[in-house]
Amino acid sequence: MKLDEAQRLTVAKWIADGAKLSEIQNRLAAEFGVKLTYMEARLLVDDLKLTPKDPEPPKIVEPPAAASPVEAKPIPPSPGASPAAGKVAVSVDQITKPGSIVSGKVAFSDGQTADWYLDQTGRLGVVPKLPGYKPSAADVADFQLALQQEVAKLGF
């Protein structure tokens, strides 16, 4: 497929404006009478040494942090509060975070809190409220045990 210089510049402008390959294919047919398959349009764009822009990924809106948990287990009121009995408290969100099969909150024995989630592949993720926070090894073991019990209640 040969295009004249004016047509090449037009196609380059379409790509610069963010047109997708399917749009370019349709516009070539409508404006120049050149009917191409999708693959031919892709090869044409490649021959012209042009690269279509990737669309911007949609912005993910986090659910409000005040989602009420299913379980009635208490979470310490503030990060600076002294731990009640050195326990780790785990709760499950009623509304699961996007991209996960189950999610919730955890309060460690030192009063620090974090969000947790299990993704579709079974990987556990923990996002502490305080950046860089690392719970103690004992708290991690207690968290894993409490999480296992909470998830078992849900039938997972």
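Some values worked out for this structure:
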quantity	calculated
First in segment 2-24 and on the phi > 0 side of the Ramachandran plot, second anywhere and of a type outside the set (Lys, Arg) and not in a helix (DSSP H, G or I), Cβ under 9 Å, 6 or more apart	Gly18/Pro52; Gly18/Pro55
Filter pass, Ala19 being of a type outside the set (Val, Ile, Thr), part of a loop (DSSP other than H, G, I, E, B) and modelled with pLDDT of 80 or more	yes
Condition broken by Leu118, with the remaining ones in (1) at pLDDT 90 or above; (2) in a strand (DSSP E or B); (3) not aromatic (Phe, Trp, Tyr) satisfied	(1)
Enumeration of residues in segment 92-119 that are of a type outside the set (Val, Ile, Thr) and closer than 19 Å to Ala152 by Cβ	Asp93, Gln94, Ser100, Ser103, Gly104, Lys105, Trp116, Tyr117, Leu118, Asp119
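The values are calculated or read from the model by the stated rules, or taken from the named source; none is laboratory data. Everything numeric here is computed off the predicted structure, so don't read it as measured data. Note that we place each Cβ from the backbone using ideal geometry, even for glycine, and neighbour counts take in every protein chain shown.
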